[in-house]
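FYI, it's all coordinate maths here, none of it is from the lab. Since the model is a prediction, treat every value here as computed from it, not as a measurement. No Cβ is skipped: glycine too gets one built from the backbone with ideal geometry, and neighbour counts run over all protein chains shown.
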Amino acid sequence: MTSNNTCTFSFLSPGGNHCSENGVCTEFNKCLCKAGWTGIGDFAVSSLDCDLNLKSIRILWSIALVAHVPTLLLCLYYLYYMLLVLPSSKKETLLFVCGVLVCSICYLTVAFSKITSSEKIPAIGLETGITVVFSIGAGFVWFVAIYFINKFADIYVKKAEKLGGRKLSYSTNALPVAAIVNVAFSLSPILCLVDKENCSVYGTMHYALSIPLIVAVGLVWNVQFIKPFIYDIEQILASPAAMLRRKEEEIAYNVLLVKLKKTFKLLFQISMNNVLISGCMLWPYLLRKASYQLPFAAFFNGLALFTGVHLLCNGEQRAIDSLSRKTDTSSSMLASRNTLKKSNESVRFQKGTETNNGDHENYSAEF
């Protein structure tokens, strides 16, 4: 067995130097890692180093697990509500919830397998089952994101029209392209199962393809839809006709404007941060640390999916409840009118009967 200093690998290829001080270099120029350390991780299936701490990876995936459990429970609640309590819910929203549910189940499966593994943690790109499940979950994340963007736009357009604004035609030209890129993005980890030697290349492809997805779904849509929408509302509020509007309408416009500005800023920041992170992961040295980055991505995906389901389903539930209240009010008003009409007819009938009886008595007396 040779010295620990003889194990040196190229800085731009899988592996590091001196077994990262967490193992012993063997005569085959490979590292024998200490307990609790490994060099085989996500997208690093042929690693020779000992730079990945198993305990840290399990802790990070435990945090991701916590984020997806509430999302799973929320999806099950809304599925029960839409299928059994209120079957009149929109099919598009039902598909969205099903997509989020599939995504959460996939991430929970990956997290559970990472946490409960005894010695070696199953790696994405090496183990068939976890790789396929992860790829399906990653694909569904962008599937539901694209749907959410369209639905989110429809909601705000209808709000603006309800307040008296003009119909805004927002562009969704980038979304079909994003859907096509999403297929390649989600399939790239599976290629590792076929060609393990070049798994780092497919891992790089996975992160590289996420950049146009983020730009298309986040930045392009943000600029093409929300920015002109904000401009339209500002013009409406600044117009002379705004002085003639009621105070309630002005407040509604201002609330919508504040929400849109916050959404624009938030989407821009999230998109730029994700582009930066994905760009950094193209560096082979950081790609080796994908086992640390992926649970963070799963955690934030869980939070985003929970928020998306809550916003869309809760908004639709309120709309349906409002429609039901209006229907009930209309039904009760119609029933009241029918009752009043019958009451009036009954009174008229009684008066007519009394008149007829009086005439009959008068006629009998005269006779």
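Each peptide in 137-147, 33-43 gets a packing score, the mean of other Cβ atoms within 10 Å over its residues, and the list from highest to lowest is 137-147, 33-43. Here's how it looks for W37: its modeled amide H is under 5 Å from those of L54, which are all 5 or more places away or on a different chain.
Just to verify a number: FRET efficiency for K262 and V201, C-beta to C-beta distance, R0 = 51 Å, to 0.05?
Numbers: r = 40 Å, r/R0 = 0.78.
The pair K262/V201 has a calculated efficiency of 0.80.
Here the extension length gained between V24 and I115 equals 30.1 nm, from 0.36 nm per residue of separation less the Cα-Cα distance.
Compare the peptides 68-79, 265-276, 101-112, 176-187 by average per-residue count of other Cβ atoms within 10 angstrom and give them in order, highest first. Intermediate results must be reported in sequence, preceding the final value.
On the way: 68-79: 18.8, 265-276: 14.9, 101-112: 22.5, 176-187: 16.9.
Taking the mean over residues of other Cβ atoms within 10 Å, the ranking is 101-112, 68-79, 176-187, 265-276.
The calculated FRET efficiency for I230 paired with K34, based on their beta-carbon distance and R0 = 56 Å, is about 0.50.
Report the extension gain between V223 and Y81 in nm, rounded to one decimal, defined as 0.36 nm multiplied by the number of residues separating them, less their alpha carbon distance.
47.6 nm
From the cross-link list K151/K259; K30/K55; K90/K262; K30/K114, which pairs have alpha carbons spaced over 18 Å apart? Too far apart for the 18 Å limit: K30/K55; K90/K262; K30/K114. For I124, the residues whose amide H sits under 5 Å from its own are D42, F43, ignoring neighbours fewer than 5 places away on the same chain, with H placed 1.01 Å from N.
Multiplying the residue separation of H310 and W283 by 0.36 nm and subtracting their alpha-carbon distance yields 6.1 nm.
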